[in-house]
Every structure is written in structure tokens, then in C-alpha cells.
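Some notes on the structure that comes next.
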2 protein chains.
Amino acid sequence: MRAVDLIRKKRDGAELTPEEVAWIVARYTAAEVGDDQMAAFAMAVFFRGMGGPELAALTGAMMASGDVIDLSSVRGVKVDKHSTGGVGDKISICLAPLVAACGVPVPMISGRGLGHTGGTLDKLSAIPGFSVDLDAARFIAQVREHGIALIGQTERLVPADRKLYALRDVTATIESIPMISASIMSKKLAEGIDALVLDVKVGSGAFMKTLEDARALAKTMISIGERMGKRVRALLTDMDRVLGRAVGNANETWEAIEVLRGGGPSDVVELTVELGAEMLILGRVAESLEDGKTRIRRAIADGRGLERLARCVEAQGGDPRALEARDRLPTARRSKEVALGVGGTIERFDTEAVGRAGMLLGAGRERSSDRINLSVGIEMMVAPGDRIGPDQPIARLDYDDDDRFDRAAAALRSALVIGEGPAPARPLIFARLGGEA
Amino acid sequence: MRAVDLIRKKRDGAELTPEEVAWIVARYTAAEVGDDQMAAFAMAVFFRGMGGPELAALTGAMMASGDVIDLSSVRGVKVDKHSTGGVGDKISICLAPLVAACGVPVPMISGRGLGHTGGTLDKLSAIPGFSVDLDAARFIAQVREHGIALIGQTERLVPADRKLYALRDVTATIESIPMISASIMSKKLAEGIDALVLDVKVGSGAFMKTLEDARALAKTMISIGERMGKRVRALLTDMDRVLGRAVGNANETWEAIEVLRGGGPSDVVELTVELGAEMLILGRVAESLEDGKTRIRRAIADGRGLERLARCVEAQGGDPRALEARDRLPTARRSKEVALGVGGTIERFDTEAVGRAGMLLGAGRERSSDRINLSVGIEMMVAPGDRIGPDQPIARLDYDDDDRFDRAAAALRSALVIGEGPAPARPLIFARLGGEA
């Protein structure tokens, strides 16, 4: 087999055999096929797409490029959730302990934030002492004992994806639904899960800007999962809004804790309940969506979710007292409210710009090597549809540095689109996709 | 400027500015943009093509990546010819001295053969002592003194093309008309010429299999030339045949010498006269095609073409007596005729297979690092349209090695398509393209 022939075949629109796909991924991971050939292949895939068997083979080959965690010693149906990323998305932090508390083991491997989107690992790092660097043995043991572990990617998992993603990043081949799908699914399947709920974000703050693209991505990932014997369901959810009010790290973690304490913004609660119900169905604990939602709500109300997060925090070296009071999490030195200067109705958010404002404040990374400040963040005080006056505060910024405040405030002001009429109502959940529950 | 943004722009179908094109070529040549990014860019160009200004900028940037020969000290309009490559194409060897003899300076830089196509440099190397490795100063001086020089590419000319071609070769991005055009034209324009005649081959032995593709390639190259202030004309000529009878190196050189001596196969003579007339028109020596043809024929008849080649050979260290007798050129040890074993009418040649037979005999290279045997070759004894008997020889093979003979003979037999009816007549010249002469 020669890489150039496989590139030509894909370039000319043919489907590669599973053997051919496995060959090129394995050779690339072993550095026997170079970045030049893989870049040309990726660009050919960008233009030609990939068929179902081809894509399952790509996902399988990437998954098999490193260790695959064996969770067979954990009883029950292991279910994880993956979000394609947005602004203010702290759902994992309240969702995982609630689902675990309802009896479904959640082995969750998350990522760091980049650009305008935050990352669950960064948010969790705001909990004093909490370690996200567990090896596979400890990860498995903790899922077995507590039904939940929240960790970061290890070097040994899916090296092909790390290598290929870095290449795609510099060769303008990120924006390919087949390759995005294979990247996400290979990482999730390497966790050793049985089933997966996808939260595919759509809107100005999401990677997928249109419902059509989001639906295509969801369908592709569901199809990969099914071909690999895993049950996958997907919710398409709104990212033309900030999810909840908090954008940052410590403040987002606290907002998720508030949900577990029975409070929190209604959209964060709603999405947690909906995604949790789907996970309970896949985990064979709930019989219906209604049953699932009731179970999640009960685990909030009686404090079992909070208690489960406390166990997880303690097991991973963190201070569970951080779940009791906001001031046990990192806190910024200063706070100031920001007004828009003009009045009107907020027609919509450029949610990506809100995320960028958070990044400028120091809460996010422009490059993956950047250091972030866990204590700073934005607290949104308005929502799309609100009628505001010119001096009415739109958000509170918690900050350490005046320069950063100024840049973040300017970005935030530019993120609000003001009009005269009422804002069109957008649902939180656009669609549910996926096979039998 | 960032390479990833330029790749994305091209990927999404936009035209790059001339500055952007110049930037990426210069950075790639300097190894500041890597093979990975350039491979993705090349694949994006494969799918999206390039517009006129973009392509002129690409050609100009590649040309400017190395030295550009300054022929301003040579009087007259300097004209070269380029063939896109075929089987039995020895035209340059008789054409260049004839045109020079008619008063138009010909600064010709040629290439080596690869795969089924031969190369002028290899054929010229069959002349004892002849050196094709002249530096720019000697090249210029020889064109000034003798009106002709026949040399090979130097390291200092168009390094971007060498680097990019090698990359395209392993990334399945050779087959792109814009990139083929820029590659050819950058090399030709770096010679310092004023005008160029293109012989764009079409058919089974050519890179372009269809008239449509050949026409597109010719038009693209003409347009690049015009944008860069050079006059370019193109002939689309048949490569569903072997040009002349000889396929090899010494034998092809001798066939070209025969043309200069007033003999040679009629198609080789005809194409030489036609291309020569075009060059004389571009060189402002002939007033019309008829005038040009008459001048070329006269330079054959009175021996001025042969005399000019002798001067060129002598100036480049070769033995001009090689032009007097076939046995002063390398000669193979054995000769044997090959019959087909079945009778019928030759409907057509798979000309590429004939070229491959020559390569198997040792006359060509499978890889650019292969050594070739200058003395071996094929002498075709039939042509498309001929009616042959089963034992009638189709060709004579001059060879040194029995194994190679067997493989070449088998390839050659498979190259002839036999039918019952008469073969459709194909003209030698399909079309003439290009602006005012």
C-alpha cells in the first residue's frame, strides 16, 4: 500500500476500504506517513467527505492508536456526555454527579478551553486541590467505587487524534464534519463507555452556526457510534445564548454547584435535567424521558447530586468544603458593572464575542500554551429579549487587571445586538436525535 | 500573514491576492512554511483551481525563487519550444538548430525522461562528450555566439518548482492544470526568453488524454505568458502515435539528425517544420506560416540546420562526427524483430505502453534515480491503420539483455490494439492556439 495512492483515491471521490483507512492512520501515528501526505489526505477528505464504513474505520483506527480503557470491571451501563463546546457550558459539573447518584456510572474525560469556548477541566481546577490527572487504573477504580470520575486526557489515549488535530489546525482542515466526528468519537470510545449522549451546540457561540450543520454532525456521530456497537443519542441545543449567567472558571463551577444545591439559572437546570434523563435512559435506569427527568430532579432536591460531587472531589484530592461557599473558590480582586450606553431591546447575543470577552479578561486561552486566571469572569445580567436602558448594567466583570477589564468590556458591549422589536424566541432544545433509547 | 489563513481562503474558493501568493511561495522556498501546509494548499488548489492573476503571481513567484537568466545581451527575439512530453518526441534536437539557423536565437533548457516519456537531455547525452551542464554565463555566451544552447536545469533555477513538484508527486496533486502550467511556465520564463511555442501533446501517450484537457492546459499556459508579457503560441498535437519510428535515446537522436540530413520519418519532419514556422513568426523572422515553413525546409535542404547542430555539439564539448554516422552513437549489442502472432488492422496504439516497453528495455527511468542505457531502443515498423499478418514484424528491438527484451516485447505487443475495420484517421496537429503572431 502507498499513501499517495490512497490520497488519490480519496481525492477522486472513491471510498477507502476499512483496511486502507486503518493502514494510513497506523502509519501516520508511527510517523511512517508524513505530515505532508496526511495534510493532503485531510484536505481531500474535507472536499470529498467519508462514507459510513470508512468513517467507522477512521474512528476505530484512531481509537486503537493508543490505550483503550477497560471498564468491564465496573457494573452497569457506563454512559458519558459530550458537548461540542460553547460559552458558559458548565453542565458536566452538575450533570455527571446527578447521573451517578441515580445509579449510572459516568466515566468522564474532558478537555481544556481554547479560544472563546471554556473547558470543563479548567473549571474543575478552580476547586482547591482537585486533580484531573489520574492514570487509567485510578480512573477505573474511582468509577467502580464512586460511579464518577472527572479527569483529563492522558498521553496514552488516542495519540493519533492529538497528532492529526494539531496538523488539521495548521492546514485549515478542522472544519470537516467527518473528521470532527471521528476525533470526538475516537476519544469518547477510548474511555470504554457503553453509551453516549451528545450535546451538539448550534448558534453564534458554537462551532456549528446552523441547525443544518449541527444536525449533520450529530447524525454522523450517532452513525459512527452505532457502527461501533454503542448507543448514542444527541440533543441539538441553543448556543445563541450564554448558558446560565456565569462565563469564566471558578464562577461557572460555582453556578453548577448552585444547581446541585437546588438553585442556579433555569436554563442550566433545564439542560441538566434533559441531558441527565437521556443518560438515565441509555443507562437502563429510567424507563422514559419523564421518569428520567423526575429522577434527576429528585437527586437535586434531596442533595444526592451534591453529595456525589463531594465524594468525587475528595477522591481526586480536592477540598469538598469548596462546595459549601463561593469564597472557598478563587475570587477576583475587583468587580465592576458594565453598561451599554444605548437603550433598546436585546435582539440577540453574538455569543462567540461574549466568550472572547471572557478570554480577554484572562479566563480563556488564545493559544493552547496560554495560562489562564481561574478567578476572573463575567456575570451576565441581561438576556436576549430584555428591554434595557442606556445606563442599565448588562454584566458584572470580576477582574484583576484594569487593561484586561477595558478590553473585555469593549468586546462584551460589541456582543449585544440591539433592536427595536421583540427578540424572536429560541427554544433551548431544538431537536433530539438517535435510535431506540 | 499566516499560511493557514491562505489555505482556508483557497479552500473556500476565494482568489488569493498576488501578494499572498508571492508570500506563500517565498516562505515555502525558505522552509518557513512547511510541507504539511503546502500539501494542504496544493490539494485545495487541485479542487478550487486558480484565477488568472493568481496563477500569474504563482508563476512569477516560482520563477523569482531562483536566478532568472538575463539574455538581454543576445540580439534578437529569443524563442524556445516546450513539449508536454510523449513517446518518440525527439523534435527539439532537429528543431532548435533549424530555428537558430534561420536567425532566431534558441536558449533551450530541457529535462530528463521519467516513466514512459523520454527526455531531450538523455537523448543528447548519447552524443559522445556532449555536456548539458553549462552554467548561466556559458549558456548566455553560447546563445550569443551560436544562437543555440541545449542544456539541463541548474540548481539555481526555479528551486520552488523542484521543491513543490517533489511534494506534489507524493501528495497526489500533480494532476492540476493550474499547477502544471505554473511549473512549466516558471521554468521556461526563468530562461530569459521573449516568446514560447508550446507543443501540447494529447492522447494515450501524453499526460493529457483528452483534447479538452489539452486545450485547457494550453490556454492556461498562454494566459500566464500573456500576463507576464511574453508571446506564447501552442499546437495541440497527436500522441496516440509514436512520433517517428525510434523510441529510446541514441536511436532518437539519430532520427533527429536524419531529419537535418534531409531524411527522417514524415511526421517528425512535418512537426519540426510546423513548430519551426511558429517559432520564426514569434521571432519576427517569418511573416506568415507559409513563409516560416519555407525557411525551415530550406535550412534542412541546404544543410544549415545540421551545421548549426554541429557547432552546438562542438561548443558543448561533444564530437561533431557523431552527426555523420549512426555507429558513432552508442549501439546495442543485439537486435531482434518482434511479431504480434495475430493478424488484422492496427486500430490504434496504446502509446503509453510503447513508452513503457522502451523503459523496460532500459531506455527510460521508473524512478528519477534510475540509470538508463542510452544504446537500447525500439524501432517501430508499423503504424496505426496498417494491415498486418500474424508473423509480420511490428518492431525491431535493440537490446543488451535477454530478460529486458522479453519484458519489453510483451509490453509492446500489448500496446497494439487490433481490429477488423480501417483505423480512424487522426491528424498530427489538432489545433493552433495563441494570440497574434
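The values are calculated or read from the model by the stated rules, or taken from the named source; none is laboratory data. What you see is a predicted model; the values in this text were computed from it and never measured. Heads up, the Cβs are rebuilt from the backbone with ideal geometry, glycines too, and the neighbour counts pull from every protein chain shown. Just the protein is used for accessible areas: all its heavy atoms, side chains included, with ligands, DNA and RNA removed. Shrake-Rupley method; radii C 1.70, N 1.55, O 1.52, S 1.80 Å.
Values as computed for the structure displayed
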read-out: Cβ-Cβ under 7 Å pairs, at least 6 apart or on other chains, the stretch B:167-183 side away from chain A (no Cβ under 14 Å), far side assigned to a helix (DSSP H, G or I) and among the polar types (S, T, N, Q); value: B:I177/B:T220; B:P178/B:T220; B:S181/B:T220; B:A182/B:T59
read-out: Elements of type helices (runs of 4 or more DSSP H) contained in the stretch A:123-237, each with 1 or more residues being buried (at least 22 other Cβ atoms within 10 Å of the Cβ) and within 17 Å of the chain's Cα centre (by Cα); value: A:159-170, A:177-189, A:211-227
read-out: Hey, A:A3 within 9 Å of chain B (Cβ to nearest Cβ), open to solvent by less than 40 Å² (accessible area, probe 1.4 Å) and out of contact with any strand residue (DSSP E or B) (no Cβ under 6 Å at 6 or more places or on another chain) or not; value: yes
read-out: Residue match in the stretch B:401-421 (condition: surrounded by 20 or more Cβ atoms within 10 Å (Cβ to Cβ) and more than 26 Å from the chain's Cα centre (by Cα)); value: yes
read-out: Qualifying residue in the stretch B:63-70 (condition: touching a residue at least 24 places away in the same chain (Cβ under 8 Å), under 25 Å from B:E175 (Cβ atoms), within 14 Å of another protein chain (Cβ to nearest Cβ) and crowded, with 24+ Cβ neighbours inside 10 Å); value: no
read-out: Residues within the stretch B:108-155 that are touching a helix residue (DSSP H, G or I) at 6+ places or on another chain (Cβ under 8 Å) and of a type in the set (K, R), tallied; value: 2
read-out: Criterion violated by A:A101 - all others in (1) surrounded by 18 or more Cβ atoms within 10 Å (Cβ to Cβ); (2) under 17 Å from the mean Cα position of the chain (by Cα) satisfied; value: (2)
read-out: Verdict on A:V354 being part of a strand (DSSP E or B), surrounded by 17 or more Cβ atoms within 10 Å (Cβ to Cβ) and among the aliphatic types (A, V, I, L, M); value: no
read-out: Count - residues of the stretch A:75-98 that are open to solvent by 10 Å² or more (accessible area, probe 1.4 Å) and in a loop (DSSP other than H, G, I, E, B); value: 7
read-out: Filter result for the condition that a residue is modelled with pLDDT of 95 or more and within 21 Å of A:E252 (Cα to Cα), over A:G152, A:G129; value: A:G129
read-out: Residues (surrounded by fewer than 17 Cβ atoms within 10 Å (Cβ to Cβ) and touching a helix residue (DSSP H, G or I) at 6+ places or on another chain (Cβ under 8 Å)) located in the stretch A:20-33; value: A:A26
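To keep it simple, each residue is scored yes or no on (1) away from chain A (no Cβ under 13 Å); (2) without any contact (Cβ under 8 Å) to a residue 60 or more places away in the chain.
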residue	(1), (2)
B:K9	no, yes
B:E15	yes, yes
B:D35	no, no
B:V45	no, no
B:G51	yes, yes
B:A57	yes, yes
